[in-house]
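Below is one structure; the comments refer to it alone.
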2 protein chains.
Amino acid sequence: MVKARLSGQERRRQIIEAAADLFSRKGFRGTTTRQVAEAVGVCEATLFKHFATKEELYAAIIEAKAQTQEILTGAVPAARAGDDAGVLRTLAREMIARVKADPTLMRLLFFSALEGHVLSDMFFRSRFQQVEDFLSRYLGERMAAGAFRTVDPIQATWNFIGMVAYHLLLRELFGRKGPAHLTTERAVEEMVSVFLQGVRRP
Amino acid sequence: MVKARLSGQERRRQIIEAAADLFSRKGFRGTTTRQVAEAVGVCEATLFKHFATKEELYAAIIEAKAQTQEILTGAVPAARAGDDAGVLRTLAREMIARVKADPTLMRLLFFSALEGHVLSDMFFRSRFQQVEDFLSRYLGERMAAGAFRTVDPIQATWNFIGMVAYHLLLRELFGRKGPAHLTTERAVEEMVSVFLQGVRRP
DNA sequence: TCATGGGAAGTGAGTACTTACTCACCAGTG
DNA sequence: CACTGGTGAGTAAGTACTCACTTCCCATGA
């Protein structure tokens, strides 16, 4: 039973949450305000009390998702300790965990990009910029220290992120699982392993 | 000036082409039959002479795109010659070239997956299955031969494809370019390089 | 060569339904 | 009481698709 009357703030939050789920499954044009209203358990007109337009609701959702930025708390200690594998492993794990924790995240990221949404770029950056900056800086330092081959740190970063992202795409968008023994943990270990060995100075 | 009257076959082909472009930019629900008709230069009713429904048109497009399967002509000679770098380089180049040759390809792949289209799985497989099979088999052979570390060939394959796919995603969907010196050629070489070194037996 | 018929391609107008949003009013709470 | 949250009914525009008809083209026969 949905509570009949909430504060404006609370109702907004509820609408955003329900709509995020729908938008992530059907995209902007594929989601009707009627569906959103039903999911929330209110009248369609109520949505428009809180958001002037459907567009404004979508933008509010993207902004909310972008707000939950990737925080690199876990990888910093490993970086300080010069624990290469620890850095990579933690980054990969955190990226994967974020997506698992919020199933709408990746789908909304891709839907908004495909739809050419004005906030798409900001959304993407909120998800990847910190990881990119952190890892490319770390790789650059390790190269300067002679531990890694000298390659472009950005490119190397993209290569690593690419492995993680593809892993997520296969599962979240394309419903691929692979052989049963390929757990996420094993997948992460192999990514870390192939990448680390690949960038080491021979 | 659009020719006023074409054979049924030719008109179908023309509609599919114009609609593919629109669907790849706006998705299914975001593309109206009116827009398609205008892009083709015919009356809306004409579309429905050739396709019973909008859905049928979309399916025809996906099927057409799936038909242009990845053909692995280039990598086979390199595989025979045991030219590891050649195999990987050729695969990456061909994947990238395909997407560049048809800008609708990747966008339609992702739109249809996000939209949960019944043909999405088939579409995905048409694009990746052969590369996956080919490369995982090749990697398996190289592992058996002692040249590569023993890891799961599927996982290793996904890691490599992930790097290529992310490169494409950044450019085709997210409009990212990276530093100017990062040409596609350089990117491919680094992917091949990090991967090869990463899977070599230490 | 020309005329005719049939089949297929194509159109303008319209239909029925869908969709985002508004309006006038009601209900709840401090 | 005043303000804010919420509703049922409705509106205007959008959308996929149909209908009744026209046009074109090719094959055939005279």
- Message: Among the residues of the stretch A:6-26, are any within 14 Å of chain B (Cβ to nearest Cβ), free of Cβ contacts under 8 Å to residues at least 12 places away in the same chain, within 14 Å of DNA strand C (Cβ to nearest atom) and within 22 Å of the chain's Cα centre (by Cα)?
- Response: yes
- Message: Any residue at all in the stretch B:15-27 that's within 18 Å of residue B:103 (Cβ to Cβ) and of a type in the set (Phe, Trp, Tyr)?
- Response: yes
- Message: Among the numbered criteria (1) closer than 27 Å to residue B:148 by Cα; (2) surrounded by fewer than 22 Cβ atoms within 10 Å (Cβ to Cβ); (3) of a type outside the set (D, E, K, R), which one does residue A:118 miss?
- Response: (1)
- Item | Positions within the stretch A:148-170 being more than 9 Å from every other protein chain (Cβ to nearest Cβ) and touching a Lys or Arg at 6+ places or on another chain (Cβ under 7 Å), in sequence order | A:148
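Residue-wise test of (1) part of a helix (DSSP H, G or I); (2) open to solvent by less than 50 Å² (accessible area, probe 1.4 Å); (3) more than 24 Å from residue A:202 (Cα to Cα); (4) at pLDDT 95 or above.
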residue	(1), (2), (3), (4)
A:126	yes, yes, yes, no
A:130	yes, no, yes, no
A:135	yes, yes, no, yes
A:138	yes, yes, no, yes
A:142	yes, no, no, yes
A:156	yes, yes, no, yes
A:161	yes, yes, no, yes
- Note on the structure: How many residues of the stretch B:29-65 are surrounded by fewer than 18 Cβ atoms within 10 Å (Cβ to Cβ) and farther than 17 Å from residue B:8 by Cα? The answer is 10
- State yes or no: is residue B:190 modelled with pLDDT of 95 or more, under 21 Å from residue A:156 (Cβ atoms) and out of contact with any His (no Cβ under 6 Å at 6 or more places or on another chain)? yes
- Message: Here is a check on your reading of the model: is residue A:195 of a type in the set (Phe, Trp, Tyr), crowded, with 18+ Cβ neighbours inside 10 Å and more than 7 Å from chain B (Cβ to nearest Cβ)?
- Response: no
- For the subset of the stretch B:31-85 comprising residues that are among the aliphatic types (A, V, I, L, M), away from DNA strand D (no atom under 16 Å from the Cβ) and under 21 Å from the mean Cα position of the chain (by Cα), which member is farthest from the other protein chains (Cβ to nearest Cβ)? B:76
- Has the stretch A:86-107 got any residue that is within 19 Å of residue A:188 (Cβ to Cβ), charged (D, E, K, R), touching a residue at least 60 places away in the same chain (Cβ under 8 Å) and open to solvent by less than 30 Å² (accessible area, probe 1.4 Å)? no
- Task: Determine which single condition residue B:182 fails, assuming it passes every other condition in (1) in a helix (DSSP H, G or I); (2) facing another protein chain (nearest Cβ under 7 Å); (3) not acidic (Asp, Glu).
- Result: (1)
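The values are calculated or read from the model by the stated rules, or taken from the named source; none is laboratory data. Since we're looking at a predicted model, the values are computed, not measured. Reconstructed Cβ throughout: ideal geometry from the backbone, glycine too, with neighbour counts over all protein chains shown. Accessible surface is based on the protein model in full, side chains and every heavy atom, while ligands, DNA and RNA are left aside. Shrake-Rupley method; radii C 1.70, N 1.55, O 1.52, S 1.80 Å.
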